[in-house]
Structure formats: C-alpha cells, structure tokens
Amino acid sequence: MIELDGHSLTAESAKRIVFERESVSLAPQALQRVREARAVVDKLVAKNQRAYGITTGFGKLSTQTIPREKLSLLQENLLKSHAVGVGEPLSEAAARAALLFRLNSLLQGRSGVRVEIVEYLKEFLNRGVVPIIPAKGSVGSSGDLAPLAHLALLLIGEGQAKLGTTTLSGRELLRELGLEPLQLAPKEGLALINGTQVTLALGFVALVHAQKLLAQAQAISALALEALRGHTQAFDERLHQARPHPGQIRVAHAMRAWLAGSRLANSRTDDVQDNYTLRCIPQVLGASFDIFDFVQEKFEIEMNSATDNPLVFAESGEVLAGGNFHGQILAFCCELLGQAVAEIGNFAERQIALLLEAPDLPKFLIAEGGLNSGLMVPQYTAAALVAENKVLAHPASVDSIPTSGGKEDHNSMATTSAYKALQITKNVEVILAIELLTVRQALSFRDASQMAPRTRALYERISQQIPPLAHDRLLQYDIHRAIQIVQEGSWLNGV
C-alpha cells in the first residue's frame with residue numbers, strides 16, 4: 001500500500017502503482033487540505049463572487065457570469081462539451097498513470113474539489129479501472145482538456161472504462177463498484193480536466209520503457225563488441241574521468257563489468273581502433289542516461305504539482321487564476337526523451353550493419369550466402385524504423401496553434417510530443433530486438449568459451465529461445481520472439 005499525499009510521489013512508486021497494480025491510500029493531512037480548499041470555494045459561491053470557471057464560463061467565455069442555480073450544470077456541461085478526443089485509446093498503463101497523477105495532483109489541496117472526488121478516483125485506481133481515453137485531442141495547454149474529460153465523465157456515470165476484460169459504460173462501472181454517480185459541485189469539472197496528467201502519463205510510460213531499453217542496449221552492445229572482437233581500451237576509467245559526465249562514466253563502468261574476462265575482446269590485431277558504434281558506446285548511450293535522469297527529475301516535480309486553474313489557497317482564502325496547466329516544460333522534456341531514445345535505435349542499427357559486414361564472419365551471417373540471404377533484410381526493417389524515428393523526433397513543441405477564439409493564444413503541443421516519444425520507444429524495442437537476433441547469430445560463429453562470464457550467460461539464455469540460423473527460414477517468428485524478450489527485459493535478471 002502506497003500512501004498518496006500530493007507531494008511525495010516518485011517515479012519508482014508510480015511504477016509500482018501503474019504497472020504492478022499496488023494499492024494506494026490517501027494521507028489524512030492531504031484530505032484535510034482538500035476539505036479546507038473546498039470550504040474556500042463554497043464561501044466564494046455563497047457570496048456570489050466572480051471567479052474564473054467557478055461562477056463564470058470558460059476560455060473566451062470567461063466574461064459570462066453563471067447564475068448560482070446553474071453552477072452544477074456548468075461543470076457537467078464542461079465535461080460533456082470537452083470530451084471530444086479521437087483516435088485509439090491510451091494504453092492501459094498510460095490510462096492508469098493519468099488516473100494516478102490526476103488524483104495525486106488534487107491531493108495538493110489547491111483545486112477546491114470535495115473529498116468524494118478523490119475517494120472515487122482512489123477507488124477506480126485500487127479496483128483496476130482503466131478509463132477509455134482517446135489518445136488525440138489535446139494541445140497541451142489549459143491542460144489536457146479533451147482526454148481528461150473522458151476520464152472525468154466516469155464520475156458522473158458517463159464515458160467508458162474497462163474493468164478486467166469487460167468494457168463498461170460509466171453508469172455500469174459505478175454500479176459494479178457499488179458507487180452512485182456524483183453531481184458535480186462548483187469548480188469540480190474544471191479541476192478534473194484542467195491539468196497536464198495525460199501528457200505526463202504518456203511521457204512517464206515512455207520513460208519507463210526507455211530506461212528498460214537503455215539497460216538492454218548496453219548488454220547488447222557488449223555482446224556485439226565480443227562478436228566483432230573489438231577493443232576495450234575505450235572503456236578505461238581514466239578516459240571517462242577526463243570527461244566526467246555521469247551517464248558516460250556509468251556506461252563505461254557497465255561495459256567493463258560486462259566484458260571482464262573476455263578473450264574475444266581485444267583479439268583483433270589488424271586495427272587499433274574500432275568504429276564509433278563500438279568505441280563511443282559510453283559517450284552515446286551515456287548521453288541518453290543523462291537525459292533520462294533530467295526528464296525523470298522534471299516528471300517527478302510535475303507528479304507532485306497543482307496544474308489546474310484557478311488554484312485555491314486556503315491559507316489566505318484566495319482563489320488565483322494563472323497558467324500552471326501550460327505543458328511547455330513537459331513538451332521540452334518529451335522531445336528530449338524521444339530524441340535520446342531515437343539515438344539508442346540509431347546506434348543499434350549501425351551495430352547491426354557492422355555485424356553483417358564483419359570481414360571475418362560469413363556475409364550476412366549465413367553459410368551458403370547467395371542461396372541464403374541470412375540476416376540481410378532484418379536490417380532493412382531496422383533502417384525503416386530509424387527513418388520513422390527521425391521524423392517523429394522533429395519537435396512538435398516549436399509550433400503553436402491558438403484556440404478558444406484566440407484567448408488561448410499559445411499552446412505547448414506537449415501531448416503530441418509525449419505521444420511521439422512513446423511511439424519512438426516502441427520502434428526502438430523492435431530495433432534492439434533485431435540487433436539481439438543479429439548478435440546471437442554472429443556469436444554462433446565464435447567460440448563461446450572465449451566470452452566473458454556474464455556475456456556468455458546472456459548468450460546462452462538467448463540461444464535457448466532463438467535457435468541459430470543454418471539456412472533461410474521465416475524470420476518474422478524469430479523477430480517476434482526477440483521483441484517479446486526485449487519488452488519483458490527479464491533476460492538481464494541476475495546476470
């Protein structure tokens with residue numbers, strides 16, 4: 001059980017909740033903050049004060065004052081009018097992450113919702129509810145309005161969600177959970193949709209996948225270096241202390257550990273320096289490490305932030321309009337994340353090419369070349385995905401299209417940035433899988449007894465799941481199995 005308080009959620013605890021379905025509880029002090037903020041909103045409504053989104057319309061319609069008797073309808077209309085997302089639903093992980101992050105943000109006690117709202121969201125999370133949220137429709141400012149509206153509809157018995165393998169309407173879901181549809185109070189609809197949590201969820205899931213891919217890219221690079229009988233001098237600690245970027249030092253250390261005791265490494269005598277894709281493993285993969293660390297730091301700040309508008313400050317009794325919903329920082333982070341993952345794929349594809357062209361290995365790693373094409377064409381697939389990633393890595397965040405009649409005249413496009421980053425990670429999963437298949441075949445022509453103890457253990461694990469290629473066969477099945485191995489990531493465990 002992980003206690004949520006709006007301030008102390010970490011990437012590690014979020015992983016446990018989102019991917020491992022660990023249950024959550026709500027900190028008593030957070031619930032007290034929620035109550036105090038709600039009291040401020042109730043007082044404002046009782047006095048009939050003008051406040052954005054509470055007693056007025058939204059966006060360009062903020063000049064319109066809404067009668068007190070229609071303030072609940074205003075919030076319901078907001079959800080219905082803004083639930084206009086399109087495209088495929090978010091993945092289960094991304095939908096649950098959005099639910100978690102919206103709940104944790106409301107626990108800041110700056111949004112003015114009732115305790116019932118956070119209790120319902122907690123129940124959704126703990127009971128395994130997966131909101132059906134169309135992936136496209138947010139411009140990353142005024143929050144992720146459209147996708148979060150689809151999530152929020154569940155509270156009033158609208159929208160759709162999955163419970164287990166069953167798709168339910170919002171009303172069916174609440175009945176299954178033993179809950180009644182809520183009638184929204186003033187401010188609550190706006191508080192539920194005016195935030196960055198869908199962008200953050202997409203970026204977070206991409207980051208989790210990216211971190212898993214980077215760990216595997218290092219191991220696969222060590223295997224590739226042995227298959228190519230490359231040099232380990234480039235990983236000498238003194239070199240990296242002379243340029244002490246943390247990620248670079250970390251990767252160099254990992255390479256030394258993977259290759260310790262190898263008699264295949266350093267066995268070439270025809271050249272004293274390897275290609276960059278062997279020699280510069282620490283510099284390239286290490287740079288991605290540093291970007292991932294930076295992005296995680298910013299994501300953890302965002303997980304514990306109040307990002308709706310206006311915000312309630314119970315300490316002074318004030319309600320302040322501002323722009324914490326703007327996703328610019330997430331847009332930049334997700335663009336960096338996507339570029340750093342794309343480079344892992346670029347690097348892997350070039351290592352594949354080196355393996356296929358090694359002068360002391362069979363051409364395309366197959367006997368009877370000509371009759372057999374071997375692993376020639378999987379490299380084409382990797383190249384196609386690298387090319388796609390180059391397009392996806394072009395920043396969406398450098399553009400802005402105004403919305404709401406020009407009132408919202410600069411939008412971050414952060415959700416597109418996050419969506420692209422996640423797609424890049426999926427492509428790189430396949431590229432690394434193809435490299436894993438390729439390096440397994442290349443090492444079948446080497447003496448495995450000459451490998452380092454740790455890399456040999458990895459090679460033997462992979463060999464049990466992917467047989468060597470003696471002649472051409474349907475490689476799609478090998479590629480699919482290799483993709484499963486990379487997605488699971490467990491082949492590194494305990495080695």
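The values are calculated or read from the model by the stated rules, or taken from the named source; none is laboratory data. Quick caveat, the model's predicted, so the values are computed rather than measured. Because the Cβ atoms are built from the backbone with ideal geometry, glycine has one as well, and the counts that use them run over all protein chains shown. For the accessible areas, the whole protein counts, side chains as well, though only heavy atoms, and no ligand, DNA or RNA atoms are used. Shrake-Rupley method; radii C 1.70, N 1.55, O 1.52, S 1.80 Å.
Could you list, in sequence order, all residues of the range 135-160 that are in a strand (DSSP E or B) and buried (at least 19 other Cβ atoms within 10 Å of the Cβ)?
A135
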Residue list for the range 1-23, filter: in contact (Cβ under 8 Å) with a residue 24 or more places away in the chain, open to solvent by less than 70 Å² (accessible area, probe 1.4 Å) and part of a helix (DSSP H, G or I): A11, A14, K15, I17, V18
Subset of the range 161-192 (residues that are open to solvent by 20 Å² or more (accessible area, probe 1.4 Å), at negative phi and of a type in the set (G, A, S)): S169
Residues located in the range 451-495, provided they are of a type in the set (V, I, T) and either in a helix (DSSP H, G or I) or surrounded by fewer than 11 Cβ atoms within 10 Å (Cβ to Cβ) (or both): T455, I462, I479, I483, I485, V486
Residue that is most open to solvent (accessible area, probe 1.4 Å), among those in the range 301-333 that are among the charged types (D, E, K, R) and over 14 Å from L202 (Cα atoms): E315
Filter pass, A94 being part of a helix (DSSP H, G or I), over 28 Å from S316 (Cα atoms) and either in contact with a Gly (Cβ under 8 Å, 6 or more places away or on another chain) or of a type in the set (G, A, S) (or both): yes
Among (1) without any contact (Cβ under 8 Å) to a residue 24 or more places away in the chain; (2) open to solvent by less than 40 Å² (accessible area, probe 1.4 Å); (3) under 26 Å from A342 (Cα atoms) - the single one A448 does not satisfy: (3)
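Tell me, which residue of the range 43-61 that is in a helix (DSSP H, G or I) and without any contact (Cβ under 8 Å) to a residue 24 or more places away in the chain is surrounded by the fewest Cβ atoms within 10 Å (Cβ to Cβ)?
A46
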Extreme residue, nearest to the chain's Cα centre (by Cα), among residues of the range 74-129 that are open to solvent by 10 Å² or more (accessible area, probe 1.4 Å) and aliphatic (A, V, I, L, M): A93
Residue in the range 214-235 that is nearest to V430 (Cα to Cα), counting only those that are in contact with a Lys or Arg (Cβ under 8 Å, 6 or more places away or on another chain) and surrounded by fewer than 23 Cβ atoms within 10 Å (Cβ to Cβ): R229
Residue match in the range 287-305 (condition: touching a residue at least 60 places away in the same chain (Cβ under 8 Å) and closer than 21 Å to L458 by Cβ): yes
Filtered residues of the range 350-386 (kept if open to solvent by less than 50 Å² (accessible area, probe 1.4 Å), within 25 Å of V284 (Cα to Cα) and assigned to a helix (DSSP H, G or I)): Q351, I352, A353, L354, L355, L356, P378, Q379, A382, A383, L385, V386
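When you go through T425, T415 one by one, which is the residue that is open to solvent by less than 10 Å² (accessible area, probe 1.4 Å), within 18 Å of the chain's Cα centre (by Cα) and more than 28 Å from L474 (Cα to Cα)?
Just one listed residue meets the conditions, T415.
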From L174, L168, L184, L190, residue being touching a helix residue (DSSP H, G or I) at 6+ places or on another chain (Cβ under 7 Å) and assigned to a helix (DSSP H, G or I): L190
Restricting the range 239-277 to residues that are basic (K, R) and surrounded by 14 or more Cβ atoms within 10 Å (Cβ to Cβ), the residue that is nearest to G494 (Cα to Cα): R256
